[in-house]
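Read through the structure below, which is laid out as structure tokens, and then see the notes.
The values are calculated or read from the model by the stated rules, or taken from the named source; none is laboratory data. Remember, it's a predicted structure, so these values are computed and weren't measured experimentally. Backbone-built Cβ (ideal geometry, glycine too); neighbour counts: all protein chains shown.
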Amino acid sequence: MGSGQTVTVFGAYGHTGRFVVAQLRETGFVPVLSGRDADKLRALAASDPGLEVRPASIDDPASLDRALDGVDAVINCAGPFAMTAAPVIEAALRAGLPYVDVAAEIEANLDTFTHFADRAHAAGVVIVPAMAFYGGLGDLLATAAMGDWTAADEADIAYGLSSWHPTPGTRTAGAVSGERRGGRRVRYTDGRLEYHDDKPTLLKWPFPEPMGTREVIGEFTMADVVTIPSHLSIREVRTHMTTEAARDLSAPDTPAPAPADENGRSDQTFLVDAVVRSGGTERHAVASGRDIYAVSAPLAVEAVHRILTGRTRTIGVASAGEAFDAPDFLRALSPHISFELRPQQPVS
Ligand SMILES: NC(=O)c1ccc[n+]([C@@H]2O[C@H](COP(=O)([O-])OP(=O)(O)OC[C@H]3O[C@@H](n4cnc5c(N)ncnc54)[C@H](OP(=O)(O)O)[C@@H]3O)[C@@H](O)[C@H]2O)c1
């Protein structure tokens, strides 16, 4: 796939960064290991000899320029992205390189669209924020489900996670986002983001078998409320989360994900049901797989591969669903993700 093209991974030694490095290797790219801690980078390189190490700090633009010098693309896996996205995007723009990140932070993703759309477009550079499980996959599914529709009344993305053992990075990102919104909740309604203090509601969500109907926390808002409306004309976009997974995330003593197979994936599984509704009709796209962190790696690497082979539909800042042919992208992720478009049906 990569034919020796080089990709700097910023945040290479983080939990997700390691999966991205491994995926790049496996698909024929040459990862360049970057991040703020030279010792951790060297330790990672020691376990994977031959890889180049280029320490860099978000406070030092020259170090970021060195990290990106002569490479073909950059994937940013270092969060909180409220801090890291802008400096790494600035470096990518200086170098004229495609930039992909795995940010799951609603406000940080919005900032990327708001602050960089014009400059990235003018520079002819592709920037894809949230190119990961949250933000990326839901957007690809909603886009695939739309098919020939150009607009819909509403979209719901229901996350059926068996459990959610969060990494330290997830917890920090949640804390930073929570602070930015003053502890309030957020939803996307009537065509805009709205901050509110309504209590969470519990719903029964009819996931496809074998999962079946499960309790979810309604409007457990994830980055899809930025990515989907960035290019699809849908005024109500909601995301929901299985109650067990939401509880795992909020409990302070839930352990970090533990490797359970030879690829380092945990045994946690997911099923994502994306539904779009227009008039009296609904269309579903469904994805399932294992380990939300590990699966972010094929999502990000497939994005880089498509950008570098000219298979993008736009330039500038674009979400996954806008940048790529969504059904084709999702099919290409097999065997990491099983993907199914279900027959159109009356609204249930
Ligand atoms: N959208 C999604 O579905 C999705 C999927 C996976 C991950 N993520 C996001 O990706 C981020 C990383 O997650 P993770 O699971 O890999 O967490 P992790 O294992 O805790 O790794 C966090 C990484 O970020 C680095 N980092 C933190 N602050 C930094 C800064 N100011 N400058 C440079 N590097 C910094 C850390 O370096 P140090 O060790 O030096 O602190 C570490 O390499 C989180 O924000 C998470 O929410 C999103």
Considering only region 19-53, how many residues are farther than 24 Å from P257 by Cα and within 13 Å of the ligand (Cβ to nearest atom)?
1
Of all residues in region 175-227 being acidic (D, E) and over 24 Å from L341 (Cβ atoms), the one that is nearest to the chain's Cα centre (by Cα)
E219
When region 73-103 is examined, which residues are found to be more than 10 Å from the ligand (Cβ to nearest atom), part of a helix (DSSP H, G or I) and not small (G, A, S)?
I89, E90, L93, R94
Looking at the structure I just gave you, is L193 away from the ligand (no atom under 16 Å from the Cβ), hydrophobic (A, V, I, L, M, F, W, C) and in contact with a helix residue (DSSP H, G or I) (Cβ under 8 Å, 6 or more places away or on another chain)?
yes
Just to be sure I understand, how many residues within region 74-96 are surrounded by 24 or more Cβ atoms within 10 Å (Cβ to Cβ) and either more than 13 Å from the chain's Cα centre (by Cα) or not hydrophobic (A, V, I, L, M, F, W, C) (or both)?
8
Taking the condition crowded, with 22+ Cβ neighbours inside 10 Å and either over 27 Å from H165 (Cα atoms) or not polar (S, T, N, Q) (or both), does V53 pass?
no
Here the residues within region 162-184 that are part of a loop (DSSP other than H, G, I, E, B), at pLDDT below 95 and more than 20 Å from H240 (Cβ to Cβ) are G182, G183
Filtering region 126-161 for residues that are away from the ligand (no atom under 16 Å from the Cβ), among the small types (G, A, S) and assigned to a loop (DSSP other than H, G, I, E, B) leaves a count of 1
Would you pick out the residues in region 284-302 that are closer than 21 Å to H15 by Cα, of a type in the set (A, V, I, L, M) and over 11 Å from the mean Cα position of the chain (by Cα)?
A294, V301
How many residues does region 1-47 contain that are on the phi > 0 side of the Ramachandran plot and modelled with pLDDT of 95 or more?
3
Scan region 163-175 and report the pairs whose first residue is under 12 Å from T254 (Cα atoms) and whose second residue is of a type outside the set (V, I, T) and near the ligand (Cβ under 6 Å from one of its atoms), with Cβ atoms within less than 7 Å and a gap of 6+ or a chain change.
T167/H15; T167/Y293
Would you mind finding the one in R311, R331, R290 that is over 19 Å from A142 (Cβ atoms), charged (D, E, K, R) and surrounded by fewer than 18 Cβ atoms within 10 Å (Cβ to Cβ)?
R311
Any chance region 59-72 includes a residue that's within 11 Å of the ligand (Cβ to nearest atom), out of contact with any Gly (no Cβ under 9 Å at 6 or more places or on another chain) and farther than 21 Å from A91 by Cα?
no
Filter region 298-348 down to the residues that are in a loop (DSSP other than H, G, I, E, B) and in contact (Cβ under 8 Å) with a residue 60 or more places away in the chain and list them by number.
T312, T314, I315, A318, S319, F324, R342, Q344, V347, S348
